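**Q** First, the structure itself, so that you have it in front of you.
Each reported figure results from applying straightforward, stated rules to the coordinates on display, with no laboratory input. Just so it is clear, the model here is predicted, and its values are computed rather than measured. Here Cβ is always computed from backbone atoms with ideal geometry, including for glycine, and neighbour counts include all displayed protein chains.
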Amino acid sequence: MAHEHDWDAEYAAPTPPPWDIGEAQPALVAFLDRTPIDDPVLDVGCGTGELALLLAGRGHQVIGVDGSAPAIEHATAKATTRGVDVDFQVGDALHLTDLGVRPRTVIDCGLLHVLDEQERDAYVTQLAEICGPGALVAVLAVSAEADEGWDLTEASLREWFLSPHWVSCAVGTIEVRAHWQGADLRLPGFLLTCRRG
């Protein structure tokens, strides 16, 4: 089951949403510390841009896309304050071909698990459309074990990224951090990595 959200209201609120922890997710940072990635990098569902800004600060060409205009406004303001160049855009993850980009790396930090089944199908189809052979895709998702209403399991996650479109898929268990009502949460999650076939 996907959660219903008013994303603009979440990002326009005075308190950041629970998933906006003020830094990139540590599990993704650890992955990126040990994994070489190629440009351009597309951060889908970038939110307020922490991951995109981290990657741009490391010298990568990054496009950050989110469906929420307030999220992109926050991200753009952070980029200006930090003196980092990121191409932040308001865009629809279900229509990635509209962006006109051919990323060599795509990172999804928390988007896939909030989509319903039909949206996931459209999203993964769009990823296959925009990624050329060998492009790396990394997806961080909250597990059904978190008991927060999301339904992803390792098996269901793998089912979205089957060959011939996707190869070399691996799924590891990770911890996803969040802040909720003053508490730091650590939720069970997955990090899927694969390459476009």
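**Q** If Thr105 satisfies every condition in (1) without any contact (Cβ under 8 Å) to a residue 60 or more places away in the chain; (2) among the hydroxyl-bearing types (Ser, Thr, Tyr); (3) under 15 Å from Val137 (Cβ atoms) but one, which is the exception?
**A** Against the list (1) without any contact (Cβ under 8 Å) to a residue 60 or more places away in the chain; (2) among the hydroxyl-bearing types (Ser, Thr, Tyr); (3) under 15 Å from Val137 (Cβ atoms), Thr105 comes up short only on (1).
**Q** Starting from residues that are under 12 Å from the mean Cα position of the chain (by Cα) and β-branched (Val, Ile, Thr), keep the ones in the range 1-59 and report whichever is farthest from Gln181 (Cα to Cα).
**A** In this case the residue turns out to be Val41.
**Q** Arg102 passes all but one of (1) of a type in the set (D, E, K, R); (2) more than 18 Å from Gly49 (Cβ to Cβ); (3) within 14 Å of the chain's Cα centre (by Cα); which number fails?
**A** Unmet condition: (3).
**Q** Let me ask you something else. In the set Ala27, Ala71, Ala56, which member is of a type in the set (A, V, I, L, M), farther than 16 Å from Gly110 by Cα and assigned to a helix (DSSP H, G or I)?
**A** Answer to the selection: Ala56.
Yes/no matrix, rows are residues, columns are (1) touching a helix residue (DSSP H, G or I) at 6+ places or on another chain (Cβ under 6 Å); (2) within 18 Å of Leu191 (Cβ to Cβ):
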| site | (1), (2) |
| --- | --- |
| Pro18 | no, no |
| Leu28 | no, yes |
| Ile37 | no, yes |
| Thr48 | yes, no |
| Asp66 | yes, no |
| Ala75 | no, no |
| Gln89 | no, no |
| Leu96 | yes, no |
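**Q** Then there is this: From the list Asp108, Asp98, exactly one residue is under 24 Å from Thr153 (Cα atoms) and either out of contact with any Cys (no Cβ under 7 Å at 6 or more places or on another chain) or surrounded by 21 or more Cβ atoms within 10 Å (Cβ to Cβ) (or both). Which is it?
**A** On the way: Asp98 fails: under 24 Å from Thr153 (Cα atoms).
After applying the criteria, what remains is Asp108.
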